[in-house]
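Below is one structure, written out as structure tokens, with a few remarks after it.
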Amino acid sequence: MKLQQISVFIENQSGRLYDVANLLGQNGINIRALSLADTSDFGILRLIVNNPESAYKILKDNEFTVGRTEVVAVEVKDRPGGLAEILGALSRNEINVEYMYAFVEPTGSRAIMIFRFDETDKAVEKLSAEGFTLIPGSKIYGI
Amino acid sequence: MIWNQQYETMPRDELRKLQLMRLKQLVENVYHRVPFYRCSFDKAGVKPEDIKSLDDLQRLPFTYKQDMRDNYPFGMFAVPQEQVVRIHASSGTTGKPTVVGYTARDVDTWAELMARTMSAAGVGRGDILQNAYGYGLFTGGLGAHYGAEKIGASVIPISGGNSKKQLMLLKDFGSTAISCTPSYALSLYETAIEEGIKIEDLKLRVGVFGAEPWTDAMRQEIESKWQIDALDIYGLSEIIGPGVGYECVEEKRGMHISEDHFIVETINPDTGEVLPAGEEGELVFTTITKEAIPLIRYRTRDITSLITDPCKCGRSSVRMRKVTGRSDDMLIIRGVNVFPSQVEAIIVTKQELSPHYLLIVDRVDNLDTLEVQIELAEGIFMDRISRLQDLSRAVEKEIKDMIGVTCKVRIVEHKTIARSEGKAMRVLDKRKL
């Protein structure tokens, strides 16, 4: 119930983000979701892609500073309070969120939240027990 | 003004006799008291009795900063520790500092040398000296302090930094002389202008500047901005601290070396061969009067040349020109000696960082800046911003704590720092000196 996220360390230089996107595009990698966190000196681009193994290898072969992290995709009910329900469950179980970002399925039927936890296994166990829908990597990659 | 007429103007043949006598005593002394020297002399096949003339000095082996490190902390001392009344330290090439000790007589000698320095700059009784060199392990503050007290000046031991307070005292106390690094003098001027201080209202008339290399162009800038005489001084803690060389206000051309206390040579840094006076090479000093930690042919790594022409001021001593470079990779940043290897020693303890780094030194608004670029290590990249920020802050703090210089650490992408085939390029010095 976990999925692979690719992170790329990027210095704040013009064109660097383009380099990543262009390289992935030329190699047939499709980006499903992304988030960019930045400071004045550098940024970290986090990507969910259709083929994490191959994306990781391509970036690495091209001298990018790249890492892989396990994250969890959770379905968010499309109604007021949908996100709060998940966060409430995490809070009750004392699970910290490192960061998170959202995207919507192409069909538009449901929103998906990508979470990065400190204790990923515990989060998966508790969220499942509380009845939330976790979406496996295979489904997300193939969207 | 000449502080010590007898020694500063001593005829050269007499001076050479004095040097030889002191050199013989020194060699005899260290051979019997410092195991390091006994060992190195034996290895070179020289006995104290082989030193019959000043030229025989060349038979003695060199002493390096590394030797001081190998004998850390007190192994180079030639007197029992209970005779040591002061201990200073400067940067070593890696983690451990270079330690120097002083006997009571050494402290007197040092004060004498700085008294000569101050007098040569025209500072004397009645002057108020604002001493903005750092006090502490660094020799600058206390060195200037003792010398200025000896000549009877009123010393303000304000130490470095805190520009607004410096300016307040400069104005309210009517300081007539200041001692600090030349770049700080320029930086202080900028603050003075910002604070609306009128230079012509100040009583400042002379500055004694050192602890970092500077040019004659900088001298002219300081002199015209502050409307003072700006004098250069030279020193390094291994030899004694500030006071090894000093300019006279009469010529401001080269720093007089107190040859009754030091024998100076210039050598080819690659071959060790002694060069004729006037040729550019590495400065090598032998301390012929120091008791606690005498040094034989100490390699300063500073590159310059000697002037043997007589000086208008009447001093008979040889002069050294401004230091034009180094024969090693030491940097002087805001008066602090920094070796790339010191930074490297800190970086290699961090597994998240690679040993590929670059020190970028610049001068912004007359103050030196240091940026340390370090590549992330391969394979341990973290996806969290906070971890990377903590990491760069931790390195900044360690550099500040261990080396004493404030810097900015910038973590950069893998393989962005140029690789070199031979010796790694560790430093990019953008300062125009």
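The values are calculated or read from the model by the stated rules, or taken from the named source; none is laboratory data. Please read all numbers here as calculations on a predicted model, not as lab measurements. Positions of Cβ are generated from backbone atoms using ideal geometry, with glycine treated the same way; all protein chains shown enter the neighbour counts.
Observations on the model:
- Enumeration of residues in the range B:326-340 that are outside any strand (DSSP E or B) and of a type in the set (D, E, K, R): B:D328, B:D329, B:R334
- Residue tally, condition of a type in the set (A, V, I, L, M) and within 22 Å of A:D118 (Cβ to Cβ), over the range B:378-410: 6
- Residue that is farthest from the other protein chains (Cβ to nearest Cβ) [pool: residues in the range B:386-433 that are polar (S, T, N, Q) and farther than 21 Å from B:N366 by Cβ]: B:S420
- With respect to the conditions (1) loosely packed, with under 13 Cβ neighbours inside 10 Å; (2) out of contact with any helix residue (DSSP H, G or I) (no Cβ under 7 Å at 6 or more places or on another chain); (3) not basic (K, R); (4) not assigned by TED's automatic domain parsing to the domain that holds B:S258, B:S40 lacks only one, and its number is (1).
- Number of the exception - B:D368 against (1) among the acidic types (D, E); (2) within 30 Å of A:V20 (Cα to Cα); (3) away from chain A (no Cβ under 14 Å): (2)
Let's see how each residue does on (1) within 20 Å of B:G136 (Cβ to Cβ); (2) within 23 Å of the chain's Cα centre (by Cα):
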{"residue": "B:I158", "(1), (2)": "yes, yes"}
{"residue": "B:K171", "(1), (2)": "no, no"}
{"residue": "B:S175", "(1), (2)": "no, no"}
{"residue": "B:T191", "(1), (2)": "no, no"}
{"residue": "B:K203", "(1), (2)": "no, no"}
{"residue": "B:M218", "(1), (2)": "no, yes"}
{"residue": "B:E221", "(1), (2)": "no, yes"}
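- Residue match in the range A:70-84 (condition: assigned to a helix (DSSP H, G or I), at pLDDT 95 or above, farther than 24 Å from A:A37 by Cβ and not assigned by TED's automatic domain parsing to the domain that holds A:A37): no
- Condition broken by A:Y141, with the remaining ones in (1) among the hydroxyl-bearing types (S, T, Y); (2) surrounded by fewer than 18 Cβ atoms within 10 Å (Cβ to Cβ); (3) without any contact (Cβ under 8 Å) to a residue 60 or more places away in the chain satisfied: (3)
- Here the range B:193-205 is the region considered, the condition is being among the charged types (D, E, K, R) and closer than 18 Å to B:S175 by Cα, and the residue that is surrounded by the fewest Cβ atoms within 10 Å (Cβ to Cβ) is B:E200.
- When every residue of the range B:381-403 is checked against the conditions, none turns out to be at pLDDT 90 or above and assigned to a strand (DSSP E or B).
- Restricted to the range B:66-159, the set of strands (runs of 3 or more DSSP E) holding at least 2 residues that are at negative phi and of a type in the set (S, T, Y) comprises B:98-103.
- Any hit, the range B:177-185, residues being farther than 24 Å from B:R431 by Cβ, in a helix (DSSP H, G or I) and touching a helix residue (DSSP H, G or I) at 6+ places or on another chain (Cβ under 6 Å): no
- Yes/no for B:T349 being in a strand (DSSP E or B) and either of a type outside the set (D, E, K, R) or touching a Gly at 6+ places or on another chain (Cβ under 6 Å) (or both): no
- Exactly one residue out of B:V343, B:V364, B:V348, B:V323 is outside the structural domain of B:G160 (by TED's automatic domain parsing), surrounded by 15 or more Cβ atoms within 10 Å (Cβ to Cβ) and among the hydrophobic types (A, V, I, L, M, F, W, C), and it is B:V343.
- Under the condition of being closer than 19 Å to B:S341 by Cα and in contact with a Ser or Thr (Cβ under 7 Å, 6 or more places away or on another chain), the residues counted in the range B:378-409 number 3.
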